[in-house]
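Take a look at the structure set out below.
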Amino acid sequence: MDFNELCEKLHLDHAGMLRRFSGQEAILIKFFKKFPDDPTFLNLKDAVEKNDTVSVEHTAHTLKGICANLGITSVSDPASNLVNAVRAGEYDKIGPLFAEISKAYTDICGFINRLNQ
């Protein structure tokens, strides 16, 4: 699977991603391939498991930013919702939102790992 096929399969905004990377697709792909190795998701999982709402807010915000820059809205949107829920004290939403993030993250990483294979 090549990068264009990945974008099409996951309904990613290829043009928008390229704009954020100044049209340099090779750099975009390089960062995209590194996404599964970033520790932020695992840090969020750990914070959720520990019920550490301060860390949940911080790491969800970080994950949201990373995914927004890469155009991965299936993760950035629920991560943004998680940040907002914690800030509003709606802690009962943490579990369901993390489950949504986790599924999308797992799906994205599976596809990224198949790039150019």
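The values are calculated or read from the model by the stated rules, or taken from the named source; none is laboratory data. Bear in mind the structure is a predicted one, so any value in this text is a computation, not a measurement. Every residue, glycine among them, receives a Cβ derived from its backbone with ideal geometry; neighbour counts consider all protein chains shown. These accessible areas exclude ligands, DNA and RNA; they are computed on the full protein's heavy atoms, side chains included. Shrake-Rupley method; radii C 1.70, N 1.55, O 1.52, S 1.80 Å.
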With all protein chains present, the chain has a carbon and sulfur share of its accessible area (1.4 Å probe) in percent of 49 percent
Which one of Ile66, Pro78, Ala47 is farthest out on the positive end of the charge dipole of the stretch 27-78, using unit charges on Cβ (Lys, Arg +1; Asp, Glu -1) and the Cα centre as origin?
-> Ile66
Mean separation of Cα pairs under 8 Å and 6+ residues apart, divided by the residue count of the chain: what relative contact order is that in percent?
-> 31 percent
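How big is the dipole moment of the chain about its Cα centre under a simple scheme where the beta carbon of each Lys and Arg is +1, that of each Asp and Glu is -1, and everything else is neutral? Debye, nearest 20, please. Can you show the working numbers first?
Numbers: 13 positive and 16 negative charges, 48 e Å.
The calculated dipole for the chain is roughly 220 debye.
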For the chain, list the DSSP H helices whose alpha carbon atoms reach 18 Å or more along the long axis and whose average Kyte-Doolittle value is -1.0 or above?
-> 53-70, 73-87, 94-113
